[in-house]
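Okay, so here's the structure we're looking at.
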Amino acid sequence: MSIRDVYIVDAVRTPIGKFGGALASVRPDDLAAHVVRALVDRSPALDPARVDDVYFGDANGAGEDNRDVARMAVLLAGLPVTVPGVTVNRLCGSGLEAVIQAARAIALGDASVAIAGGVESMSRAPWVLQKPERAFPAGHQQLHSTTLGWRMTNPRMPAEWTVSLGEGAELIADKHGITRERQDAFALASHRKAAEAWAKGLYDDEVVPYPGVDLNRDESIRDSTPEALAKLKPSFRPQGGTVTAGNASPLNDGAAALLLVDEEGLRETGREPLARIRTSAVTGVEPQLFGLGPVEAVRRALGKAGRSFADLRTFELNEAFAAQALGCLAEWPELDPEIVNPRGGAVAIGHPLGASGARLAGSVAHQLAAAGSGTGLAALCIGVGQGLALVLER
């Protein structure tokens, strides 16, 4: 059996909304349906019935995501009911995992045309209540937020594994001697690059605003200063902490989707592909050091592709925290940091968990198309200690 080439024909995303912001009134299944519909409409030569499957990443799924948000998106987007949909969960890497699984199906000949993406509404993530161990409890019951982080933790988990995500970022700052000043400077650069990219129209080809919502660009981008960031209190270590709300990614809402095809599907779209998918890799690390998950995943993906850091034209690394991103960069001394997140990263743009990986992959594809050629890479750290990476080429 021969392995087929897999092409990214198009990639779209919503503007990323702030927690409780412009997109907070929009259900996650509607966000997902919007990017699916926009993607199909942008390839009018392709019969929507030709979509073999829809893969969507979703980190929560406990509320209006309705367990299988991919299938909900297919139905709400008005695609033929014959188009199936599957939802995948690798926490922060869910959107990229969806792209990888769709690409794998096409490469093996199980599909010719697929849509892959991700969605998250952190604003609308519900509280959940555990079932009582016995009927008719008389006492009060505890609600757990599904927005972010550990919940209903198994008591057999070692305590050092179950620290908060922010404390995990602090541990990476300790490990690599990353100061508060460096983290704040990194955050400022992320906001500056994102603002410049929007001002130059670099996101015009991929962002599809949600109808009826007054949001045309990413809502979390700020015009801050070193002095303003320096005034923020540490969020996780009151004494001596370095991680703040200013140098961490915010809580967000948004969705992203990509159209993936083989050679036959490419002919049916009548379009030139943005990029070709080359390889991927996933690895695990100690849960408390989740932020360093991409380090080995990136090395493995590049090795499988027969490429090195010197071959990269662009690299989209998710910025869960400035300390986390800087920690990864410290372990890749051969990487030119100037090619990393050239259009801004998640500290500025935002990190809607299930959507971020698809956003990164789509951004790399658009950047390679704009350049005309080259190799690009998308990678994320993942809570509970994983890393995921994808290599694209044009």
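Any chance you could run the full-extension gain for E272 through M157? It's 0.36 nm times the residue separation minus the Cα-Cα distance, nm to one decimal.
That pair, E272 and M157, stretches by 36.5 nm at full extension.
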Heavy-atom accessible area ranking, 1.4 Å probe, most first, across F321, F236: F236, F321
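Write out the trypsin sites (Lys or Arg not before Pro) in segment 242-293 meeting two conditions: DSSP loop, and at most 16 other Cβ atoms within 10 Å of their Cβ. Don't jump to the answer; show the numbers that get you there.
Numbers: sites: R267, R271, R276, R278; in loops: R271.
When the trypsin sites (Lys or Arg not before Pro) of segment 242-293 are filtered for loop state and at most 16 Cβ neighbours within 10 Å, nothing remains.
Equivalent ellipsoid semi-axes for segment 307-394, as square roots of 5 times the alpha carbon gyration tensor eigenvalues: give them largest first, rounded to whole Å.
On the way: eigenvalues 75, 47, 26 Å².
Semi-axes from the Cα gyration tensor: 19, 15, 12 Å.
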Qualifying GluC sites (Glu not before Pro) for segment 81-158 [loop in DSSP, other Cβ within 10 Å: at most 15]: E133
Electrostatic dipole magnitude of the chain [Cβ: Lys, Arg +1; Asp, Glu -1; Cα centre; debye, to 20]: 540
Cα-projected label distance for A371 with E264, points at 7 Å along beta-carbon direction, nm: 3.3
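Could you give the length gained by full extension between K175 and D214, i.e. 0.36 nm per residue of separation minus their alpha carbon distance, to one decimal place? Walk me through the numbers before you get to the answer.
Values: separation 39, 0.36 × 39 = 14.04 nm, distance 4.26 nm.
Length gained between K175 and D214: 9.8 nm.
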Directionally averaged projected area (convex hull, Cα atoms, segment 1-125), nm²: 7.5
Segment 290-362: GluC sites (Glu not before Pro) in DSSP coil with no more than 13 other Cβ atoms inside 10 Å: E334
Length released on extending from K304 to N89, taking residue separation times 0.36 nm less the Cα-Cα span: 75.0 nm
Set of segment 356-392 residues, backbone N closer than 15 Å to the point 7 Å along the Cα-Cβ line of D205: 361-376
Share of pairwise Cα separations in the chain, more than 36 Å, in percent: 19
For the chain, built as a Gaussian network whose Cα springs stay under 10 Å, the top-fluctuating residue of L129, L96, L165: L129
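Hey, any idea what Rg/Rh is for segment 173-215, computing Rh the Kirkwood way over Cα pairs?
Details: Rg = 15.9 Å, Rh = 13.0 Å.
Checking Rg against Rh, the ratio lands at 1.23.
Take D253, D214, D52 and sort them by solvent-accessible surface of the protein heavy atoms, 1.4 Å probe, largest at the top. Don't skip to the answer; put the middle values down first.
Details: D253 0, D214 140, D52 60 Å².
Result of the area sort, largest leading: D214, D52, D253.
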Accessible surface of the chain [probe 1.4 Å, protein heavy atoms]: carbon and sulfur percent: 52
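The values are calculated or read from the model by the stated rules, or taken from the named source; none is laboratory data. In this text, all values refer to a predicted model and were calculated from it rather than measured experimentally. Heads up, the Cβs are rebuilt from the backbone with ideal geometry, glycines too, and the neighbour counts pull from every protein chain shown. With ligands, DNA and RNA removed, areas are computed over all heavy atoms of the protein, side chains included. Shrake-Rupley method; radii C 1.70, N 1.55, O 1.52, S 1.80 Å.
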